[in-house]
Amino acid sequence: MRRTIACLGSLHLVSAKVYFSEAFDEGWENRWTLSKWKESDGTAGKWAASAGKWFGDEKVHSGLQTAEDSRFFGISAGFDSFSNEGKEFIVQYQAKYENEVECGGGYVKIGPKMSDPTTFGDPTPYNIMFGPDKCGSSKRTHLIFSYKGKNVLKKSDLPYKQDELGTSHIYRLTLKPDNTVSVAIDDEVIYEGSLKKDWEMLQPAEIADPEDKKPSDWVDDSMMDDPDSKKPADWVDEKRIVDKEAKKPDDWDDEEDGEWEAPMKDNPEYKGEWHVKRIANPAYKGVWAAKMIPNPDFVDDDQLYRYSDFGFIGFDLWQVKGGTIFDNIIITDDKAAAEDFTKRWKELRDIEKAKKKEEEESKKKLSESMGGGEDDDDDDDDADDDAEV
């Protein structure tokens, strides 16, 4: 069974542990539980095993695929509960978009043990949500941590890397006991940072002093009117003037048509609206801000990273266009174990890219061949025309 790693270097793994792994080989249906959360309203999508369009060995490279369009997809797998206290937490998985998803996610949720996995869905509490998400032009790689019952998004989005269709991408999240986080996509680190700095999990250590008031003589206008700036005496600011050359029509009847008035025309002397010159304000003191003081509500927490219970991993997704294939999932505290799965991804990626290139070249040759045939037909037509002449 490929579900667990049997041997990855013997002695090195004495203290390391693989908490969960899945390659969707034989019997995967018995290890995963379908969600019934959207079953009653008819929007629950079907899952299927598939290797997609490009693969090497179909049996080896098959994963779990969202098999319908415009559906909610829910499925989860449980494992023995554990805490990540005092050790690294690594979750890694593959995602391959066979179709342009248009609007939908490809992320995983990892959380505490569920009493009834069939209820898994959007309301289900989780510890971490990680992976790609897109809707129209809005796209990002999600990384959400739950803290004291609140799901906290990263202050700035991680880049979206799922644009290429038909080839697998690999996502790895590493959460460390020093409250730092690392994210790698396709074996390239795209983010390294701190839970304390990049997620608003804690109250700010300092706040603006509510008792501090801006002085009444504080000048916060950086520019001012130049007192020496005067509008020139010959400045013309009338945009329209009476056309003095206009004449009352000979057939104008004042009694019937009313009193005649000369029409207006653009003033050729008009110089535009005059504005006083602006200069730097010598009294400007800058933008005022209240002084910062220690936040009485701030409570530090050096165990932001810690979760007492991890017991499930699942996919809770909405997709306009299905066809996404997930594979080679691993949850571990050992980087070497994750690297073994990364090697599988690299082998598959090379196969996918080679087959994609082969298909593109074949299409190009076919297009050139068809184009050449059309040229030949044109030449034949020209020859016929010449014969007729």
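Applying the Karplus parametrisation 6.51 cos²θ - 1.76 cosθ + 1.60 with θ = phi - 60° to the phi angles of segment 309-316, what ³J(HN,Hα) value in whole Hz is obtained for each residue in order, glycine and proline being reported as x?
8, 10, x, 8, 9, x, 10, 10
Can you list the residues, at least 5 places off or on another chain, whose amide H is less than 5 Å from the amide H of Phe20, using H built in the peptide plane?
Those lying under 5 Å, H to H, from Phe20 are Ile331.
Send over a whole-number figure in Å² for the accessible area per residue of the chain, probe 1.4 Å. Spell out each step's value before the answer.
Values: 22740 Å² over 389 residues.
So the chain comes to 58 Å² accessible per residue, rounded to a whole number.
What order, most packed first, do the peptides 257-269, 302-314 have when packing is the mean number of other Cβ atoms within 10 Å of each residue?
So the peptides 257-269, 302-314, ranked by packing, come out 302-314, 257-269.
Let me check against my output: what whole-number percent is the relative contact order of the chain, with C-alpha pairs under 8 Å and at least 6 apart?
Normalised by residue count, the contact order of the chain is 29 percent.
Within 13 Å, Cβ to Cβ, of Leu202, how many net charges do the neighbouring residues add up to if Lys/Arg are +1 and Asp/Glu are -1? Walk me through the numbers before you get to the answer.
Numbers: positive: Lys148, Lys150, Lys155, Lys196, Lys197; negative: Asp198, Glu200, Glu206, Asp297, Asp300, Asp301, Asp302.
Taking every Cβ under 13 Å from that of Leu202, the sum is -2.
Could you grab the relative contact order for segment 133-266? Cα pairs under 8 Å, six or more apart, rounded to a whole percent.
13 percent
Considering segment 97-156, what Rg and Dmax in Å follow from its alpha-carbon atoms?
For segment 97-156, the Cα radius of gyration and maximum Cα-Cα distance read 13.1, 38 Å.
Rounded to whole Hz and in sequence order, give me ³J(HN,Hα) for segment 351-356 from the Karplus expression 6.51 cos²θ - 1.76 cosθ + 1.60, θ = phi - 60°, writing x for Gly and Pro.
5, 4, 5, 5, 5, 5
Quick one: if you take sqrt(5λ) for each eigenvalue of the C-alpha gyration tensor of the chain, what semi-axes come out, biggest first, whole angstrom?
Value: 61, 43, 22 Å, ordered largest first.
Once every DSSP H run of n ≥ 4 in the chain is given -39500 (n - 2.57) and the sum is divided by its residues, what mean residue ellipticity at 222 nm do you get, rounded to the nearest 500 deg cm²/dmol? Walk me through the intermediate numbers first.
Values: 5 runs with 70 residues, N = 389.
Here the helix-only value at 222 nm equals -6000 deg cm²/dmol.
In 5 Å bins starting at 0, how do the alpha-carbon pair distances of segment 15-93 split up by percent?
3, 12, 18, 19, 17, 15, 10, 5, 1, 0
Round to the nearest 10 and report in Å² the accessible area of Thr119, as given by a 1.4 Å probe over the protein chains' heavy atoms.
Surface accessible to solvent at Thr119 totals approximately 80 Å².
Under 10 Å from the Cβ of Trp260, count the other residues' Cβ atoms, weight Lys and Arg +1, Asp and Glu -1, and hand me the total.
With Lys, Arg at +1 and Asp, Glu at -1, the net is -3.
When only alpha-carbon atoms count, how far does segment 205-302 stretch along each of its three principal axes, as whole angstroms with the largest first?
94, 36, 27
Which far-off residues, 5 or more places away or on another chain, put their amide H under 5 Å from the one on Cys135, with H placed in the peptide plane?
Counting only residues 5 or more places away or on other chains, the set is Gly104.
For segment 1-140: lysine pairs with Cα atoms under 16 Å, gap of 8 or more or different chains, count?
For segment 1-140, the number of qualifying lysine pairs is 5.
For segment 62-214, evaluate the Debye formula with one uniform point scatterer on each Cα (no solvent term) and list log10 I(q)/I(0) at q = 0.11, 0.13, 0.15, 0.19 Å⁻¹, rounded to two decimals.
Relative scattering, expressed as log10 I(q)/I(0), comes to -0.50, -0.69, -0.89, -1.38.
Quick one: pull the percent of accessible area on the chain belonging to carbon and sulfur, 1.4 Å probe, ligands and nucleic acids left out.
47 percent
The values are calculated or read from the model by the stated rules, or taken from the named source; none is laboratory data. Keep in mind the model is a prediction, meaning the values are calculated, not measured. Backbone-built Cβ (ideal geometry, glycine too); neighbour counts: all protein chains shown. The area values use the complete protein model at the heavy-atom level, side chains included, leaving out ligands, DNA and RNA. Shrake-Rupley method; radii C 1.70, N 1.55, O 1.52, S 1.80 Å.
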